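Peer 1: First the structure, which I've put down as structure tokens, then a few questions once you've had a look.
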Amino acid sequence: MRAFWKSFIGRLHKAADAIHRLLQVKPFCYSIVQIFILAFLMTLITDGFSRGSVIGPFVFLFTHPLIFLVNTLIIAIFLAPAILFRHRCFFYMFGCILWLAVGVIDNIVLHNRVTPFNAHDFRMLDDAWNVLFKYYNLFQVICLGLLILFGVFLLVLAFIKSPKQKEPVQYRYAVPLCLSIIFGCILLCIGSRKVGVMAKTFPNIADAYHDYGLPYCFVYSIIDSGIDKPNNYTPEKVKDVVDSLAAQKTPTPTPDLHPTRPGKGDPNIIYIQLESFFDPKRIKGLTFATDPIPNFTYLRRHFTSGLLSVPSISAGTSNTEFEVLTGMNMQDFGTGEYPYKTILKEKTCESIAYDLKERGYRAHAIHNNTATFYSRHIVYSNLGFDDFDSIELMDGIERNELGWARDSVLYNEILTALDSTPGSDLVFAVSVQGHGKYPDEDILENSIELTDVYDAYSDNTINGLKYYITQLHEMDELIGRLTEYFKDYDEDVVLVLYGDHLPGFNFENDDLVSGNLLQTEYVIWSNFDMATEQRNLHAYQLSAYMLSRIGIDNGLITKLHQRHMEYNDTDTDVYLEELTLLSYDMLYGKQFCWDGQSPLVQTQLTFGFHDIELDSIHVITDPATETSYLQVFGKHFTEYSDIYINGTRYKATVPVSDTELFLADVSLSDGDVISVAMPIDDTTVLRESAPFVYHEDAAGR
């Protein structure tokens, strides 16, 4: 043993001597100083952008010096590789520009959606492009593009013009030094988490950025994805949980709950996830001459309802949707992660759709936005839906002043979904009308008037609120129409209404009369007798709770929630640990809960509820110019329909009505094949008509 310690101490001495000699090399000694000075300055600057404050970073420095140091070490990691290059100044500058860009983007993102910028947002670039012009006008987008190009130009120019080190890089010193800085900083950062200086989980990502700094939270979002393997993850532990769930009894409906139309089977279940919807009467300092959401208010007072805790503010619609559909807790996933953009694109997942299909339900998804938004055209197959009706397949779309589809279009789509099958239906509709960014100017001719407003609200905020609340009023009209229609419907219906998150205003918790920024509201309404209960829930509990009210317990996670809600122990560690255990096992583990083989088979989505029919075509030729025009007649055309000729998409197609399309300047030959389709892009279509073969001798038809 003595020999071991003697050898160990000798090696420590040698390592110390090597580091000492390394630090005697002046260029590298200077480099270490340069790296940490630059890292310190960039931490101040990026934190300033993140907080939108000049003084804030200095307050952060002096009140939380250890946390500030960790953020400085993280930036130093990205600057350290510069010492491996003769263009050292350029790579210092490049590293600083990258972090400056992260800070600026975070500031812009916070201004528009309240939720901070994180690494998972890069998975959302296609969706961001789709909504870009809802947030910025054409001039702003062009300026942004030119700014990016100018930045790239400056980087190239800086690389060419930046001075080189006179002496060649001494890699025998540079590489060990670079690795020492990187791994030393990493070990210190890991140590800070071990001792509790830095958090491992973020209940609220916006608060996390404020409490722990932009560099730490952003980098953590890069490496933090999926569900971490639970410490107690074993086949035996999973089996214990599953066996205990199998032994529990199916929930018995309350005495007041019974279908008034016996013999009809399970009730139809309709969800409407309302975009950015919550009761504006909860905003402190606002009063109204009349209630802007009278239908929702009435339902909250007379039917089962409560506050609904959701995983995000202003953005993250799909994460609330994910929790409601699957019963899984977003807190178990990575920082800022969107499961719709990660695991659910490649793997099936237990959901209320799969659970109810065990009872013979047909599962329909409806969204009055594009099918590709949040990759729903892929994800809904892995969540067990049979069909997906997106805006590309909807007729009669009306748009609000910002270009979002009004939710009134959902009325007919929901009724069509119910009529499409003879049995019980699950309809999951996602609204979009209440989406931001809310305008700074008063752009409405008729808006909900605010009878009293706090002086603290600026004119820009007031204009945004008037627009937002007017959208809520119109969304509320949809609720009224549906409840009035289903009141006398000849099948049992359960209607679940809830907001996905609060709107993107810079509210604080103190700005609300009740609840907090992570709480919207929900209502469970039925056209048959159901006992009324006021209960606050998490979004991941909503479906299990609703099913318990009607005596359904299909699904392991459903059973888990119902058991703990029955005994009112949903705040216990055991409950959340069991939920994490099942969620990990189903999505990332070995699926012990299903004996190693998932029973969930990916569905083949049908898009829309109607076949596209192409009945006839008419070719008109102008003798003077010899230019031909094509008219296509049929059924179920929409504003997203395009004419295809021999497989080539013609984007210049003009929708005239739901029965007619028009295409100018086209030349047809005998035998050309014509069809009409709703495309996602140039190679993929959601739905397409049967082919129509053109014959010149058929008088153009």
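The values are calculated or read from the model by the stated rules, or taken from the named source; none is laboratory data. This is a predicted model, so every value here is computed, not measured. Ideal geometry is used to build each Cβ from the backbone, glycine not excepted, and the neighbour counts take in all protein chains shown.
Peer 1: For the stretch 241-262, state whether one or more residues are touching a strand residue (DSSP E or B) at 6+ places or on another chain (Cβ under 7 Å) and modelled with pLDDT of 90 or more. Talk me through it step by step, then tell me what you get.
Peer 2: Going residue by residue through the stretch 241-262, those that are touching a strand residue (DSSP E or B) at 6+ places or on another chain (Cβ under 7 Å) are 256-258, 260.
Filter once more, so that each one left must be modelled with pLDDT of 90 or more: none.
Within the stretch 241-262, none of the residues are touching a strand residue (DSSP E or B) at 6+ places or on another chain (Cβ under 7 Å) and modelled with pLDDT of 90 or more.
Peer 1: Give me the pairs: first residue in the stretch 322-339 and over 20 Å from PRO230 (Cβ atoms), second residue among the β-branched types (Val, Ile, Thr) and assigned to a helix (DSSP H, G or I), beta-carbon distance under 9 Å, and six or more apart or on different chains, which are they?
Peer 2: Matching pairs, first to second residue: VAL324/ILE352; LEU325/ILE352; GLY336/ILE205.
Peer 1: Need the failing condition index for ALA429 against (1) among the small types (Gly, Ala, Ser); (2) closer than 30 Å to ASP266 by Cα; (3) in a helix (DSSP H, G or I), just the number.
Peer 2: All conditions are met except number (3).
Peer 1: Which residues, taken from the stretch 263-278, are among the charged types (D, E, K, R) and either modelled with pLDDT of 95 or more or outside any loop (DSSP other than H, G, I, E, B) (or both)? Step through it out loud before you land on a result.
Peer 2: Filtering the stretch 263-278 down to residues among the charged types (D, E, K, R) leaves 264, 266, 275.
Selection gives GLU275 alone.
Peer 1: Which residue, of THR416, THR451, THR461, is within 19 Å of HIS636 (Cβ to Cβ), of a type in the set (S, T, N, Q) and touching a residue at least 40 places away in the same chain (Cβ under 8 Å)? Steps first, answer last, please.
Peer 2: Values: THR451 fails: within 19 Å of HIS636 (Cβ to Cβ); THR461 fails: within 19 Å of HIS636 (Cβ to Cβ).
Of the residues listed, the single one that is within 19 Å of HIS636 (Cβ to Cβ), of a type in the set (S, T, N, Q) and touching a residue at least 40 places away in the same chain (Cβ under 8 Å) is THR416.
Peer 1: Can you tell me how many residues in the stretch 303-319 are within 14 Å of VAL496 (Cα to Cα) and touching a Ser or Thr at 6+ places or on another chain (Cβ under 8 Å)? Walk me through how you get there before you give the answer.
Peer 2: Keep residues of the stretch 303-319 that are within 14 Å of VAL496 (Cα to Cα), which gives 303-308.
Pick out the ones that are also touching a Ser or Thr at 6+ places or on another chain (Cβ under 8 Å) and you get 303-304, 307-308.
Residues flagged as within 14 Å of VAL496 (Cα to Cα) and touching a Ser or Thr at 6+ places or on another chain (Cβ under 8 Å) within the stretch 303-319 amount to 4.
Peer 1: For the stretch 483-512, give me each residue that is buried (at least 21 other Cβ atoms within 10 Å of the Cβ), under 23 Å from GLY403 (Cβ atoms) and not small (Gly, Ala, Ser).
Peer 2: Once the filter is applied, which keeps residues that are buried (at least 21 other Cβ atoms within 10 Å of the Cβ), under 23 Å from GLY403 (Cβ atoms) and not small (Gly, Ala, Ser), the stretch 483-512 yields ASP500, HIS501, LEU502, PRO503.
Peer 1: Also, I was wondering about something else. With (1) more than 13 Å from the chain's Cα centre (by Cα); (2) buried (at least 21 other Cβ atoms within 10 Å of the Cβ); (3) within 16 Å of THR520 (Cα to Cα) as the list, and HIS364 as the residue in question, which single condition is left unmet?
Peer 2: So HIS364 meets the others, but not (3).
Every residue, every condition in (1) surrounded by 15 or more Cβ atoms within 10 Å (Cβ to Cβ); (2) without any contact (Cβ under 8 Å) to a residue 60 or more places away in the chain, yes or no:
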| residue | (1), (2) |
| --- | --- |
| ASP611 | no, no |
| LEU614 | yes, no |
| GLU626 | no, yes |
| TYR650 | yes, yes |
| PHE662 | yes, yes |
| ILE680 | yes, no |
| LEU686 | yes, no |
| VAL693 | no, yes |
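Peer 1: How many residues, within the stretch 553-605, are of a type in the set (A, V, I, L, M), surrounded by fewer than 16 Cβ atoms within 10 Å (Cβ to Cβ) and either more than 27 Å from the chain's Cα centre (by Cα) or in a helix (DSSP H, G or I) (or both)? Quick ask: steps written out before the conclusion?
Peer 2: If we filter the stretch 553-605 for residues that are of a type in the set (A, V, I, L, M), which is where we start, we get 556-557, 560, 565, 574, 576, 579, 581-582, 586-587, 600-601, 605.
Now drop any that are not surrounded by fewer than 16 Cβ atoms within 10 Å (Cβ to Cβ), which leaves 574, 576, 601.
Of the ones still in play, those that are also either more than 27 Å from the chain's Cα centre (by Cα) or in a helix (DSSP H, G or I) (or both) are 574, 576.
Adding up the residues that qualify gives 2.
Peer 1: Please go through the stretch 179-225 and give me each residue that is over 30 Å from HIS111 (Cβ atoms) and assigned to a loop (DSSP other than H, G, I, E, B), ordered by number.
Peer 2: VAL195, GLY196
Peer 1: If you don't mind, another one. Mind checking which residues of the stretch 470-515 are in contact with a strand residue (DSSP E or B) (Cβ under 8 Å, 6 or more places away or on another chain), in a helix (DSSP H, G or I) and more than 30 Å from LEU418 (Cα to Cα)?
Peer 2: ASP511, the sole residue that qualifies.
Peer 1: Only one of GLY434, GLY515, GLY480 is touching a residue at least 12 places away in the same chain (Cβ under 8 Å), surrounded by fewer than 23 Cβ atoms within 10 Å (Cβ to Cβ), under 23 Å from the mean Cα position of the chain (by Cα) and assigned by TED's automatic domain parsing to the domain that holds GLN541; which? Write out each step before concluding.
Peer 2: On the way: GLY434 fails: surrounded by fewer than 23 Cβ atoms within 10 Å (Cβ to Cβ); GLY480 fails: under 23 Å from the mean Cα position of the chain (by Cα).
Checking each option against the conditions leaves just GLY515.
Peer 1: Which of the residues spanning the stretch 300-328 are part of a helix (DSSP H, G or I), touching a helix residue (DSSP H, G or I) at 6+ places or on another chain (Cβ under 7 Å) and under 17 Å from VAL523 (Cβ atoms)?
Peer 2: THR320, VAL324
Peer 1: For the subset of the stretch 437-467 comprising residues that are aromatic (Phe, Trp, Tyr) and buried (at least 21 other Cβ atoms within 10 Å of the Cβ), which member is nearest to the chain's Cα centre (by Cα)? It would help to see each step written out before you state the result.
Peer 2: Here is the first cut: in the stretch 437-467, the ones aromatic (Phe, Trp, Tyr) are 438, 454, 457, 467.
If we keep only those that are buried (at least 21 other Cβ atoms within 10 Å of the Cβ) too, we end up with 438, 467.
Working: TYR438: 19, TYR467: 23 Å.
Per the stated criteria, the residue is TYR438.
Peer 1: Got a sec? Which of LEU110, LEU155, LEU125 is more than 20 Å from THR335 (Cβ to Cβ) and either assigned to a helix (DSSP H, G or I) or modelled with pLDDT under 75 (or both)? Let's see the steps before the verdict.
Peer 2: On the way: LEU110 fails: more than 20 Å from THR335 (Cβ to Cβ); LEU125 fails: more than 20 Å from THR335 (Cβ to Cβ).
None of the others qualify; the one that does is LEU155.
Peer 1: Additional query: VAL673 versus (1) among the hydrophobic types (A, V, I, L, M, F, W, C); (2) closer than 30 Å to LEU418 by Cβ; (3) in contact with a Pro (Cβ under 6 Å, 6 or more places away or on another chain): which is the lone unmet condition?
Peer 2: Unmet for VAL673, out of (1) among the hydrophobic types (A, V, I, L, M, F, W, C); (2) closer than 30 Å to LEU418 by Cβ; (3) in contact with a Pro (Cβ under 6 Å, 6 or more places away or on another chain): (2).
Conditions (1) small (Gly, Ala, Ser); (2) out of contact with any Phe, Trp or Tyr (no Cβ under 6 Å at 6 or more places or on another chain); (3) farther than 21 Å from LEU79 by Cα; (4) touching a residue at least 24 places away in the same chain (Cβ under 8 Å), marked per residue:
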| residue | (1), (2), (3), (4) |
| --- | --- |
| ALA158 | yes, no, no, yes |
| LYS161 | no, yes, no, no |
| ILE186 | no, yes, no, yes |
| VAL195 | no, yes, yes, no |
| ALA206 | yes, yes, yes, yes |
| TYR209 | no, yes, yes, yes |
| SER221 | yes, yes, no, yes |
| SER225 | yes, yes, yes, yes |
| VAL242 | no, yes, yes, yes |
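Peer 1: Could I ask something else about it? Residue check: is ASP407 in contact with a Leu (Cβ under 6 Å, 6 or more places away or on another chain) and crowded, with 17+ Cβ neighbours inside 10 Å? Show your work before the answer.
Peer 2: Values: in contact with a Leu (Cβ under 6 Å, 6 or more places away or on another chain): yes; crowded, with 17+ Cβ neighbours inside 10 Å: yes.
Spelling it out, ASP407 is indeed in contact with a Leu (Cβ under 6 Å, 6 or more places away or on another chain) and crowded, with 17+ Cβ neighbours inside 10 Å.
Peer 1: So, one more: Please find, within the stretch 209-230, the residue that is farthest from the chain's Cα centre (by Cα) out of those that are among the hydrophobic types (A, V, I, L, M, F, W, C), closer than 24 Å to GLY56 by Cβ and buried (at least 22 other Cβ atoms within 10 Å of the Cβ).
Peer 2: The extreme case among them is LEU214.
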